[in-house]
Amino acid sequence: MNAVFFGVVLLQILTPALGYGTGAPTEACGNMKPGHKGIVPQTSQSPYSIQVSNTTFTSGKPITVTIIGPDYGGVLLQARSGTNTDALGSWGSPPNNTKYLTCSKNSKGAITHSSPDMKNNLVYTWIPPASYSNIYFVATVAKDKAVYWLDVRSANLTRDGPGSGADPESVVTPGLLMITLLISTVLQK
């Protein structure tokens, strides 16, 4: 009986300390809170920032995203638009010690840590969706289980407009315009 009691007590002590060492739970997708019991986010300025490869995006053309700052053990990273909490686009192959997290019914909608091993300057690849004109990246970055920052954001990115590398479906090229005019002229005769 004492062994069972000791085992139960030991499990209760160890379980909270383990936290989410293998990644954020899907329940964290909307509010981005890790759910570490009794631990609140830092209120100080975050030492982390999100660096992106472009200020504009085109559907299907990858953007690289890097979390800059000191080493971190945990991360939850998504692309969003406006006040919508849906995870947008999809992420390319996750770097070492990270993995996909299904958010907003999107199996590649978010990236989270797969181990508590320290990470630094990992490069994540994001593929934009076909819709949305403005997006930003948002992350929760945990130095460790007890120290984390919510709402680490990138600058806003805007969709490329026609003629500046926009989606092929929305671009009218001079050649296409010329062919359309020729066909129109021939059909009128």
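Could you please find all residues in the range 87-101 being modelled with pLDDT of 95 or more and either under 10 Å from the mean Cα position of the chain (by Cα) or open to solvent by 70 Å² or more (accessible area, probe 1.4 Å) (or both)?
Matches in the range 87-101: ALA87, LEU88, GLY89, SER90, TRP91, SER93, LYS99, TYR100, LEU101.
List pairs: first residue in the range 32-55 and closer than 21 Å to THR85 by Cα and free of Cβ contacts under 8 Å to residues at least 24 places away in the same chain, second residue among the charged types (D, E, K, R) and surrounded by fewer than 14 Cβ atoms within 10 Å (Cβ to Cβ) anywhere in the structure, Cβ distance under 8 angstrom, at least six positions apart or on different chains.
What qualifies is GLY35/GLU27.
Go over the candidates LEU77, LEU101, LEU88 one by one and state the one that is out of contact with any Asp or Glu (no Cβ under 6 Å at 6 or more places or on another chain) and not in a strand (DSSP E or B). Lay out the reasoning, then the answer.
Details: LEU77 fails: not in a strand (DSSP E or B); LEU101 fails: not in a strand (DSSP E or B).
Testing whether each residue is out of contact with any Asp or Glu (no Cβ under 6 Å at 6 or more places or on another chain) and not in a strand (DSSP E or B) leaves just LEU88.
Test TRP126 against the stated conditions and say whether it is open to solvent by 20 Å² or more (accessible area, probe 1.4 Å) and modelled with pLDDT of 90 or more.
Numbers: open to solvent by 20 Å² or more (accessible area, probe 1.4 Å): no; modelled with pLDDT of 90 or more: yes.
Considered against the rule, which asks whether it is open to solvent by 20 Å² or more (accessible area, probe 1.4 Å) and modelled with pLDDT of 90 or more, TRP126 comes out as no.
Among all residue pairs at least 6 apart or on different chains, which show Cβ distances below 6 Å where the first residue, located in the range 83-100, is under 16 Å from ILE67 (Cβ atoms) and the second is open to solvent by less than 50 Å² (accessible area, probe 1.4 Å) and of a type in the set (Val, Ile, Thr)?
Within 6 Å, the pairs are TRP91/ILE111; GLY92/THR125; PRO94/ILE111; THR98/ILE111.
The values are calculated or read from the model by the stated rules, or taken from the named source; none is laboratory data. Keep in mind the model is a prediction, meaning the values are calculated, not measured. When we count neighbours, we look across all protein chains shown, and the Cβ atoms used for this are built from the backbone with ideal geometry, even at glycine. Ligands, DNA and RNA are stripped out before the accessible areas are found, and what is left, the full protein with its side chains, is counted by its heavy atoms. Shrake-Rupley method; radii C 1.70, N 1.55, O 1.52, S 1.80 Å.
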